[in-house]
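Take a look at the structure set out below.
The values are calculated or read from the model by the stated rules, or taken from the named source; none is laboratory data. As the structure is a computational prediction, the values presented were derived from the model and not from experiment. We place every Cβ from the backbone using ideal geometry, glycine too, and count neighbours over all the protein chains shown. These area figures cover heavy atoms from the full protein model, side chains too; ligands, DNA and RNA do not enter into them. Shrake-Rupley method; radii C 1.70, N 1.55, O 1.52, S 1.80 Å.
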Amino acid sequence: MSNSLNNKEIQALRCIRNSLIHRDKSPSLRELMKELGYKSSLSPMLIVNKLIKLGFLKRDGRNLTIIKELGNNQEHAKTIDIPLVGTAPCGAPILAEENIETTIPVSTELAKSGYKYFLLRTIGDSMNKENIEDGDLALVKQQQAADNGDVIIALIDNEATIKKFYRANDAIILKPSSTNPIHKPIILNEDFIIQGKVVSIIKNFEDIDKKQDEEKEFLDITTKYINETNLKYRKSLGQYFTPKTVREALLNKLPNTIKNPKVLDPACGTGEFLITAKKYFKNPDLRGWDIDKKLSNITKEAVPEARLKNIDALLNEDYEKYDFVIGNPPYYEFTPTVVIKERFKDIINGRINIFSLFIYQGIKWLKNGGYLAYVVPPSMNNGAYFLKLRKFITENTNIEYLHILDNSKIFHGALQSTMLIILKKGTNKGNYLFKKNGILIFSENAQYLKKSFKNKLTLHDLNYQVRTGRLVWNQNKELLTNNPKESIPLIWAHNITSNGLKLPIINERKPQYVKIKKYDIGPAIVVNRITGSVNSAKLKAAIIPAEMKFIAENHINVIFPPSRQERINLKNREEIKFTLEDIKKQLISDKKLKVVRNITGNTQISKTELEKLFPIDIDRDSIDSD
C-alpha cells in the first residue's frame, strides 16, 4: 500500500489532529463525514482504516491517536487551527459549540504545541493602553492560574472580560489599562473563573480587510484564486500572498537605476510581485517560475510580457544570471528527498523549512552585485536550525536591509511573524550581525546588542550550565501523579511564579509529581522557555533549594551553578561574588528582557541562547539597579 495520501485523507488527518488538540477526543465518523463532504459514514471509515494501516493513526479504545505526522510534500505549514469564539453569551461556557464562529490557522510560533488556545473577539476600550482595542482578536492560552500582571480572560457571572490580574492579600483585583477614566478596577474574592491568559493580539480583521480593499492590495484574479482554492491545498504548497503595500515597501529599498534589469520571482504565484517590479524598475526583463501550473497560467494572464516557466525552482541551476531575485517564497517544514538533502547540504541543519532553500537558491541565481529581496519569517535570524544558512548568507552576501513587521500582520489564511530582507551578493560588511560565544544572529538592533554586552559576562562565561527540562510529559503520562508518595516534584511553567516556586499546584491535566528514578538535585534556577507575546515578553524564574530532588518538564530551562572547582578556575574570581538570587533577579529584569526580545526575535528562548546570549552584570551596583 502506498504511503502517499490524497487530499481527502490529508484533510481527515488534519481534522482528527485538531479535534484531539481542542477536545481531547477524536471526531466521530459522522463529524468526519460532514467535514469531508460525504453523504455516508462508510467513506470516512475507510479513510480512517487506511490511515491506521499506513501508521499515521492507532486506535486507543474508542479514541484515535496520531503517531506519525505528514511528511514530504504533504507537510503542512506549521500552523494550528484555533477556534474563534464570540463574546460568550450569558450562561454559556466560552468554548461551548454554539459560541465557536469558525477556526483560524495560527502559526505555532504563537500557539505552542502542548497547550490549548482559543481566539476571543474583544469589545470596548478598557485595555487600549495594552494595544487591545475594540474588534481585535485575543489569542488566549487556556489555563486556570495567573501571575500578577498577566492579561487574562476572566469569567464573572458568566460574562467574559479581559483585564490585568493582581492578587492583593485575600482579594483579586482585575485592573483595566485604558486612556478612558470610566473604567475602574474590579475587586473580587475567589468567585470567578480564569479562562486563560492572553498571549498575543491580532488586530481587527475588518479594519485590515477594509484597508486592503480600499488600497487594492491584490489583483481581482488573486482574490478570486484565494476565495476559490481550498485553504488546505494552498497551505500544503505554502501559498501565501503578499499585500501590495508590503511589496512596495520591500522593492522601494532596492536601487532602480539599472536599465533593463533581469528580474526573477522564483515562486511567482499569481504574479503580484512581478507587477510591482514592472512599475518600479526601468523596462525590466521579467521572469517567473512556479510549481503550480494553475498559478503559472494566472501569472501569464496578469503579466503577459513576463517569461514564465512551470517548474520546481529548487531543482533549477540557472545560476549567476539575475540582477534581482524577489518574492515571498513558500513557507512550510518538510522531509527532504535524498536529492534535496544532497543539493542543499551546505545549509541543512536539522528541521528544514522550504523558504531557507529558496534563499540559498536565490543567492546562487544572482549575478555578483545583484540583490535578493524576500518576504520571509524572522525565525531564520537565530536558532540552531538556521545556523548554516546564516553562515552561507554572511559568506556570500551583505545584509543591506532587515526589518521585522508587526507580528499581527495578516496574510490570507494564516498568522505569521514576517520580515523584509535584502541581500547584496558580494563582500559582507557586518551589517545587522551580532556574534557572541561563537553564535551568530541577525538583528535589526545589532548595535544595541553590542552595547548591551559591553563589560558583561554570560552564564557560559561563568561556568553555569543550562539544560532543557528532561521530561516530555505527553510521552510519560503513565508516570504522572498528584500523589507525592514515592515520587518527586515535576516542575511545570505554572509552578514558576513572580513570588518564586509554588508547589504543589494540583491540576488533573498536569499532575504535580512523577514516579521516576532519574532526577536532578538543587540548587538550581528554573526558567520558563516561552517568554510571552513578542511585545510583552517576560521571563519568570524561581530557585530550586539545595538538596531538593526534582525534574523539569521540557518547556522549562534549568540553570545549574558551577562546581566549587569550576568557581575556583574562573578568572578574576574575587570580583565575581554573587548568588543564585542575584542571577534570578537579572533574569526577570525589564532591562534584560529587552535584550532577550532583540536576540530571539520571537517568544521562545532556547537553552543555548539563555546560556550564551544572556548578559550578566557582575558589578554589584549594576545588579542592584536592575
Next item on the list: Working only within the range 373-393, note down all residues that are open to solvent by less than 10 Å² (accessible area, probe 1.4 Å) and either in a helix (DSSP H, G or I) or on the phi > 0 side of the Ramachandran plot (or both).
Entry: Pro378, Met380, Asn381, Leu389, Arg390, Ile393
Next item on the list: Inspect the range 354-363 for any residue being more than 28 Å from Ile258 (Cβ to Cβ) and hydroxyl-bearing (Ser, Thr, Tyr) and give the result as yes or no.
Entry: no
Note to self: Could you list, ordered by first residue, the pairs with Cβ atoms under 8 Å in which the first is in the range 39-63 and on the phi < 0 side of the Ramachandran plot and the second is open to solvent by 100 Å² or more (accessible area, probe 1.4 Å) and aliphatic (A, V, I, L, M), at least 6 apart or interchain?
What the structure shows: Lys50/Met1; Lys53/Met1; Leu54/Met1
Next item on the list: Filter the range 248-263 down to the residues that are in contact with a helix residue (DSSP H, G or I) (Cβ under 8 Å, 6 or more places away or on another chain) and free of Cβ contacts under 8 Å to residues at least 40 places away in the same chain, then identify the one that is surrounded by the most Cβ atoms within 10 Å (Cβ to Cβ).
Entry: Asn256
Notebook entry, point to check: In this structure, does Ile588 turn out to be β-branched (Val, Ile, Thr) and either at pLDDT 65 or above or open to solvent by less than 10 Å² (accessible area, probe 1.4 Å) (or both)?
Noted result: yes
Checklist line | Single unsatisfied condition, Ser356 versus (1) under 12 Å from Lys425 (Cα atoms); (2) open to solvent by less than 20 Å² (accessible area, probe 1.4 Å) | finding: (1)
Next item on the list: Can you run down the residue pairs with Cβ atoms below 6 Å, 6 or more apart or on separate chains, where the first is in the range 264-293 and within 17 Å of Ile221 (Cβ to Cβ) and the partner is of a type in the set (Lys, Arg)?
Entry: Phe273/Arg247; Thr276/Arg247
Checklist line | All positions within the range 32-48 that are crowded, with 16+ Cβ neighbours inside 10 Å and modelled with pLDDT of 80 or more | finding: Leu32, Met33, Glu35, Leu36, Pro44, Ile47, Val48
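Given the condition basic (Lys, Arg), part of a loop (DSSP other than H, G, I, E, B), touching an Asp or Glu at 6+ places or on another chain (Cβ under 9 Å) and under 29 Å from Ile104 (Cα atoms), answer yes or no: does some residue in the range 351-362 qualify? Step through it out loud before you land on a result.
Start the filter on the range 351-362 by keeping residues that are basic (Lys, Arg), which leaves 351.
Filter once more, so that each one left must be part of a loop (DSSP other than H, G, I, E, B): 351.
Within this subset, residues satisfying the condition of being touching an Asp or Glu at 6+ places or on another chain (Cβ under 9 Å) are 351.
Add one more test, that the residue is under 29 Å from Ile104 (Cα atoms), and what stays is 351.
Looking through the range 351-362, at least one residue is basic (Lys, Arg), part of a loop (DSSP other than H, G, I, E, B), touching an Asp or Glu at 6+ places or on another chain (Cβ under 9 Å) and under 29 Å from Ile104 (Cα atoms).
Return the only residue of Phe218, Phe281 being under 20 Å from Ile422 (Cα atoms), surrounded by 14 or more Cβ atoms within 10 Å (Cβ to Cβ) and of a type in the set (A, V, I, L, M, F, W, C). Reasoning before the result, please.
Values: Phe218 fails: under 20 Å from Ile422 (Cα atoms).
Selected residue: Phe281, the only one of Phe218, Phe281 that is under 20 Å from Ile422 (Cα atoms), surrounded by 14 or more Cβ atoms within 10 Å (Cβ to Cβ) and of a type in the set (A, V, I, L, M, F, W, C).
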Next item on the list: Output the strands (runs of 3 or more DSSP E) that fall wholly within the range 417-462 and possess 3 or more residues being open to solvent by 20 Å² or more (accessible area, probe 1.4 Å), out of contact with any His (no Cβ under 7 Å at 6 or more places or on another chain) and over 19 Å from Phe386 (Cα atoms), or say none.
Entry: none
Notebook entry, point to check: Does Asn99 count as over 23 Å from the mean Cα position of the chain (by Cα), within 29 Å of Tyr240 (Cα to Cα) and at pLDDT below 75?
Noted result: yes
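Which members of the range 218-231 meet the condition of being of a type in the set (Lys, Arg) and modelled with pLDDT under 85?
Of the residues in the range 218-231, the ones of a type in the set (Lys, Arg) are 224.
If the condition is that a residue be of a type in the set (Lys, Arg) and modelled with pLDDT under 85, then no residue fits.
Just to be sure, is Asp520 within 24 Å of Leu580 (Cα to Cα), charged (D, E, K, R), open to solvent by 10 Å² or more (accessible area, probe 1.4 Å) and at pLDDT 95 or above? Steps first, please.
Values: within 24 Å of Leu580 (Cα to Cα): yes; charged (D, E, K, R): yes; open to solvent by 10 Å² or more (accessible area, probe 1.4 Å): yes; at pLDDT 95 or above: yes.
Yes: the conditions hold for Asp520.
Counting only residues that are over 19 Å from Leu237 (Cβ atoms) and in contact (Cβ under 8 Å) with a residue 12 or more places away in the chain, which one in the range 340-353 is most open to solvent (accessible area, probe 1.4 Å)? Even if it seems obvious, please write down each step before you answer.
Residues of the range 340-353 over 19 Å from Leu237 (Cβ atoms): 341-343, 345-350.
Applying the additional criterion that residues be in contact (Cβ under 8 Å) with a residue 12 or more places away in the chain yields 343, 346-350.
Values: Arg343: 63, Asp346: 84, Ile347: 8, Ile348: 33, Asn349: 57, Gly350: 52 Å².
Applying the filter and picking the extreme gives Asp346.
What residue, of Thr468, Thr497, is touching a helix residue (DSSP H, G or I) at 6+ places or on another chain (Cβ under 6 Å), surrounded by 14 or more Cβ atoms within 10 Å (Cβ to Cβ) and either within 22 Å of Ile583 (Cβ to Cβ) or modelled with pLDDT of 95 or more (or both)? Even if it seems obvious, please write down each step before you answer.
Numbers: Thr497 fails: touching a helix residue (DSSP H, G or I) at 6+ places or on another chain (Cβ under 6 Å).
One residue alone meets the criteria, Thr468.
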Next item on the list: Would you mind finding the one in Lys116, Lys129, Lys164 that is within 25 Å of the chain's Cα centre (by Cα) and crowded, with 20+ Cβ neighbours inside 10 Å?
Entry: Lys164
Margin query: Can you confirm whether Asn474 is in contact (Cβ under 8 Å) with a residue 60 or more places away in the chain, open to solvent by 20 Å² or more (accessible area, probe 1.4 Å) and not in a helix (DSSP H, G or I)?
Written below: no
